[in-house]
Amino acid sequence: MYLSELKLWNFRKYSKHGGALDVSTPHLVVPFKKGLNVLIGENDSGKTAIIDAIKIVLRTHAIEWIHLEDKDFYKDTDTIRIELKIEDMTNEEACLFTEWLSWDKTSQKPFLRVIYKAQKLQGRVLQGEVTAGAEVDGKTFTSLAREYLKTVYLKALRDASVELTAKKNSRVSQILQGHELFKEDPEQEHPFVSYVRKANNNINTWFNDDTPQTDENGASIAGTSNKEMIKGKIDSFLKAFINSNTSSSLTIADPKIRSILDTISIVIEQSQNLGLGTMNRLYMATELLHLNKKWDGLKLCLIEELEAHLHPQAQMKVVSALQEQDVQFIMSTHSPNLASKIKISDSKSTNLLLCYGTEIYPLNTDLTRLDTEDCIFLEHFLDATKANLFFSKGIILVEGWAEELLLPVLANRLGLNLTDHEVSVINVGSTAHIRYANIFIRKDGKKLDLPVSIVTDLDVSPAKLKKEEEEEDIIEYAEISREEEQQKAIKIQQSLDLPVDSNVKLYLAPHWTLEWCLYHSTALKNDFMNCVSLVHSRTAGFKKGEDGSWNETTFKQSLISKLKNRTLDKVAIAHELCKRLNNKTDLNILEDDNIYYLLRAIKHACNQ
C-alpha cells in the first residue's frame, strides 16, 4: 500500500472559495506515486506545508510530538481539514482496516480514506481528531489501526552529531525502541538486560574489592583497596547525610531496555572528527532502519531538504540508494542538482511536483505538453544549471551565451534587476527551447502563472550574390527582404504552437540573429561595431580607415560572412558589449525596434 493522494482545506497557504469548506471541492489536491516523489519550487511555495500535513495525520516512528498551531490555519479561517488516500493494498494489508475501507469502482480495489479535522474556538486551537472511512466525516479510527500508518520523517537541517549521541530519549534510543528486536517478552529476560546486569555485577564486584595494594616488599598498604578509595568514601558520606543503612551501587546503566538504549551511540568505524555530510548520511541510514524492519504497515519516508550538508555527488549517491528501496519517498528540495536528475516522465516510480503559487503541478507527459521524446531529451540535457528554472519566479529561455550575458545588463537598464525579481536566464544551447517550455504548458486545465519567455533568432540569412573568392571580405550578399522575415516568423510561431492562454510567450528576433539585430540597432550599433573590431582585430573588413570610421559595406559583408561560417566569436563580443553598456549613462534602448524583443522578454519574465 502507498499514499496516493493528499487533499487540503484551509491549511496554511492553501485555501480557496473564501475559506468555505466543501468536502467535494478541496483547496489543494496532491497526487503521489509509489516510488520517489519530489516537491520542488521556490522558497515559501508550500513544500513544507505538504509534508507537515501528512505528519499531522500520520504518526512517526520516532514518536514525535506533533500538534496544530494557530499559524496552521489559513488567515481568518477557523476550520482545517486534511484527507489522505491509501491504496493498492494487499489482502493482508486490507484486513488491518476492514471496517474503514472504501471501494474504488474503477480499479475494483479497496482504499482507505483517513481524515483529520481541527478548528479554532474563540481564538483557541482545538487539537483535531483522526477518523477514517467512506462517510463524509469518517468514523473513529482506533489507535491500533493507526499504528500501521506510521511514517519515517527526516527533518531539514539535521544536527546529526547530537541526534546520534547517547543521551536520555536520544534519537537512536527512540529508533531502536521501535524495532522488533527490542520487544520484551514478559516470560523471558531480554539478552541486553542480561548483558547489562552481568556487567553491573562485575563492576560492583570491582568497586567492592577490599584487597589493598602492596608495596615493593609485598606488604599491604592501608586504605588503598578499590572499596576504600572510592565506594567506601562515598558510603561514609551517605551514612552521614542519610542514615547508617544507606550505601551506593556503581553501575553502567539501569538494567531496563529503555535505559540501556539511552546509552547507545552510533558512529562510523575507524573514523574520527567526521564532517556534517558524513554524519548526516549516517543519521539517515539509522532513521531508515524503521522502513527495513518486518512489519505490515505503510512504508513511507518523508524527507525535507535531503541536500542539507551534502555536496552534489553525495546527494546523487543517496538518491540512487533510496530509489533502490521498496519504499515510498516524499521529499522536498531546493537543490537544482537533485531536480535535474529526477526523471520527468510517465513513470510509475518517479513523480516531480512543482509547487508554485497556491497550486501543485505534477510534471509528466499526462498533464503537460511534454511527450516521450521531450523527456528523453531533458533526461540528457536538463543539467543542474538549467534546473534553476524550477526555483524561479520567472524564466527566460535563450539559445546561447551571448543572450545569457546581455539580457541581465539590458534588464538593469530597464530598472528590472533579474536577481531581485528572481528570474533565471536559462541557456538551452540550441533551438530546443520548446522542449523546456513544454514543461510549463498544461493539458489538465490548470494555468501555471509562472512567466516564461522564449527568446530565439529568426534564422533568415542573406544569400551570396557571387562565388566565393580567396578573401572572405569580398564576398557579397543580398539584402534580406521583410517579406522573407515575416514568412519565417509565421513558420516559427506555427511550429511552436503556443496556447493563447499560456504564460509561455515567444519573443522572436526581428532579423536573422541577435548580432544582426545589434548591428541594425539605433542605440547599440556603434558599440557593437567597436566590440566586433576589438575581438576580430585581424579581420580587414572590421578595421577602421584613416579617418577613424568603418567602410560600412565591407564591415557588413564581413559580418555576414562570419555569421554564416560560424566564425564570429559571439561570446567575446557580448562580453565586451556588456562592459561598455555597464559604463554608459546616456543609453536609450526603449525606442529601438531592433532589440525591443529582448526588452519585452525581460518585462514578461518580471511580470511587468
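Among the residues that make up the range 392-408, is at least one of them farther than 30 Å from L524 by Cβ and in a loop (DSSP other than H, G, I, E, B)?
We begin by selecting, within the range 392-408, every residue farther than 30 Å from L524 by Cβ; these are none.
No: zero hits.
Summed over the range 93-119, residues that are assigned to a strand (DSSP E or B), among the charged types (D, E, K, R) and surrounded by fewer than 17 Cβ atoms within 10 Å (Cβ to Cβ) total 2. Is it the case that the range 237-258 has a residue that's in contact with a His (Cβ under 9 Å, 6 or more places away or on another chain) and either exposed (fewer than 15 other Cβ atoms within 10 Å of the Cβ) or in contact (Cβ under 8 Å) with a residue 12 or more places away in the chain (or both)? Scanning the range 237-258, I find at least one residue that is in contact with a His (Cβ under 9 Å, 6 or more places away or on another chain) and either exposed (fewer than 15 other Cβ atoms within 10 Å of the Cβ) or in contact (Cβ under 8 Å) with a residue 12 or more places away in the chain (or both), so the answer is yes. In the range 488-523, of all residues being among the aliphatic types (A, V, I, L, M) and more than 35 Å from the chain's Cα centre (by Cα), the one that is farthest from L450 (Cα to Cα) corresponds to A523.
Using the structure shown, decide if T368 is on the phi < 0 side of the Ramachandran plot, out of contact with any strand residue (DSSP E or B) (no Cβ under 8 Å at 6 or more places or on another chain) and β-branched (V, I, T).
On the way: on the phi < 0 side of the Ramachandran plot: yes; out of contact with any strand residue (DSSP E or B) (no Cβ under 8 Å at 6 or more places or on another chain): no; β-branched (V, I, T): yes.
No, not satisfied.
Tallying residues that are exposed (fewer than 15 other Cβ atoms within 10 Å of the Cβ), among the hydrophobic types (A, V, I, L, M, F, W, C) and at pLDDT below 90 within the range 179-220 yields 2. Note on the range 156-165: residues that are crowded, with 18+ Cβ neighbours inside 10 Å and part of a loop (DSSP other than H, G, I, E, B) total 2. Every condition in (1) under 19 Å from N200 (Cβ atoms); (2) out of contact with any Phe, Trp or Tyr (no Cβ under 6 Å at 6 or more places or on another chain); (3) among the charged types (D, E, K, R) is met by K231 except one, and the failing one is (2). For the range 180-190, the criterion of being more than 23 Å from S249 (Cα to Cα), of a type outside the set (S, T, N, Q), in contact (Cβ under 8 Å) with a residue 12 or more places away in the chain and outside any loop (DSSP other than H, G, I, E, B) is met by at least one residue.
Just one of the listed residues (G133, G138) is closer than 14 Å to K7 by Cβ and among the small types (G, A, S), and it is G138. The single condition among (1) at pLDDT below 95; (2) surrounded by 13 or more Cβ atoms within 10 Å (Cβ to Cβ) that Y507 does not meet is (1).
Results for (1) part of a strand (DSSP E or B); (2) out of contact with any helix residue (DSSP H, G or I) (no Cβ under 9 Å at 6 or more places or on another chain); (3) basic (K, R), shown as yes or no for each residue.
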{"position": "E135", "(1), (2), (3)": "no, yes, no"}
{"position": "E147", "(1), (2), (3)": "no, yes, no"}
{"position": "K167", "(1), (2), (3)": "no, no, yes"}
{"position": "Y195", "(1), (2), (3)": "no, no, no"}
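When you go through H67, H61 one by one, which is the residue that is out of contact with any Leu (no Cβ under 9 Å at 6 or more places or on another chain), farther than 24 Å from L338 by Cβ and not charged (D, E, K, R)?
Details: H61 fails: out of contact with any Leu (no Cβ under 9 Å at 6 or more places or on another chain).
Sole residue among the options that is out of contact with any Leu (no Cβ under 9 Å at 6 or more places or on another chain), farther than 24 Å from L338 by Cβ and not charged (D, E, K, R): H67.
The set of residues in the range 566-608 that are surrounded by fewer than 19 Cβ atoms within 10 Å (Cβ to Cβ), among the polar types (S, T, N, Q) and within 15 Å of S521 (Cβ to Cβ) contains only N588. One residue stands out among those in the range 524-538 that are surrounded by 20 or more Cβ atoms within 10 Å (Cβ to Cβ) and either closer than 15 Å to I589 by Cβ or not aliphatic (A, V, I, L, M) (or both): the one that is farthest from the chain's Cα centre (by Cα), which is H536.
Could you run through the range 461-501 and say how many residues are at pLDDT 85 or above, surrounded by 16 or more Cβ atoms within 10 Å (Cβ to Cβ), β-branched (V, I, T) and assigned to a loop (DSSP other than H, G, I, E, B)? Going through the range 461-501 one residue at a time, the tally reaches 0. For A384, indicate whether it is crowded, with 19+ Cβ neighbours inside 10 Å and either at pLDDT 95 or above or not β-branched (V, I, T) (or both). No, not satisfied.
Among I66, I86, I50, which is the only one that is surrounded by 22 or more Cβ atoms within 10 Å (Cβ to Cβ) and farther than 30 Å from A384 by Cβ? If you could, list the steps in order and put the result at the bottom.
Working: I66 fails: surrounded by 22 or more Cβ atoms within 10 Å (Cβ to Cβ); I50 fails: farther than 30 Å from A384 by Cβ.
Sole residue among the options that is surrounded by 22 or more Cβ atoms within 10 Å (Cβ to Cβ) and farther than 30 Å from A384 by Cβ: I86.
In the range 363-408, how many are closer than 22 Å to L353 by Cβ, among the β-branched types (V, I, T) and over 19 Å from the mean Cα position of the chain (by Cα)? Result for the range 363-408: 4. Of everything in the range 21-47 that is surrounded by fewer than 19 Cβ atoms within 10 Å (Cβ to Cβ), at pLDDT 90 or above and farther than 25 Å from M1 by Cα, the residue that is nearest to the chain's Cα centre (by Cα) is T25.
Which one is nearest to Y356 (Cα to Cα) among residues in the range 29-51 that are touching a helix residue (DSSP H, G or I) at 6+ places or on another chain (Cβ under 8 Å) and not in a loop (DSSP other than H, G, I, E, B)? Explain how you work it out, then say what you get.
If we filter the range 29-51 for residues that are touching a helix residue (DSSP H, G or I) at 6+ places or on another chain (Cβ under 8 Å), which is where we start, we get 30, 35-36, 38-42.
Okay, now just the ones that are also not in a loop (DSSP other than H, G, I, E, B), so 30, 36, 38-40.
Details: V30: 13, L36: 20, V38: 14, L39: 10, I40: 9 Å.
This residue is I40.
Here's the yes/no breakdown for (1) closer than 24 Å to A463 by Cβ; (2) touching a residue at least 60 places away in the same chain (Cβ under 8 Å); (3) outside any helix (DSSP H, G or I):
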position: L518; (1), (2), (3): yes, yes, no
position: D527; (1), (2), (3): no, no, no
position: L563; (1), (2), (3): yes, yes, no
position: C578; (1), (2), (3): no, yes, no
position: T585; (1), (2), (3): no, no, yes
position: I589; (1), (2), (3): no, yes, yes
position: I602; (1), (2), (3): no, yes, no
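Tally time: how many residues in the range 224-273 are touching a Ser or Thr at 6+ places or on another chain (Cβ under 8 Å) and among the aliphatic types (A, V, I, L, M)? Going through the range 224-273 one residue at a time, the tally reaches 8.
The values are calculated or read from the model by the stated rules, or taken from the named source; none is laboratory data. Computed from a prediction, not measured in an experiment: that's the story for all the values here. With ideal geometry, Cβ positions are generated from the backbone for all residues, glycine too; neighbour counts draw on all protein chains shown.
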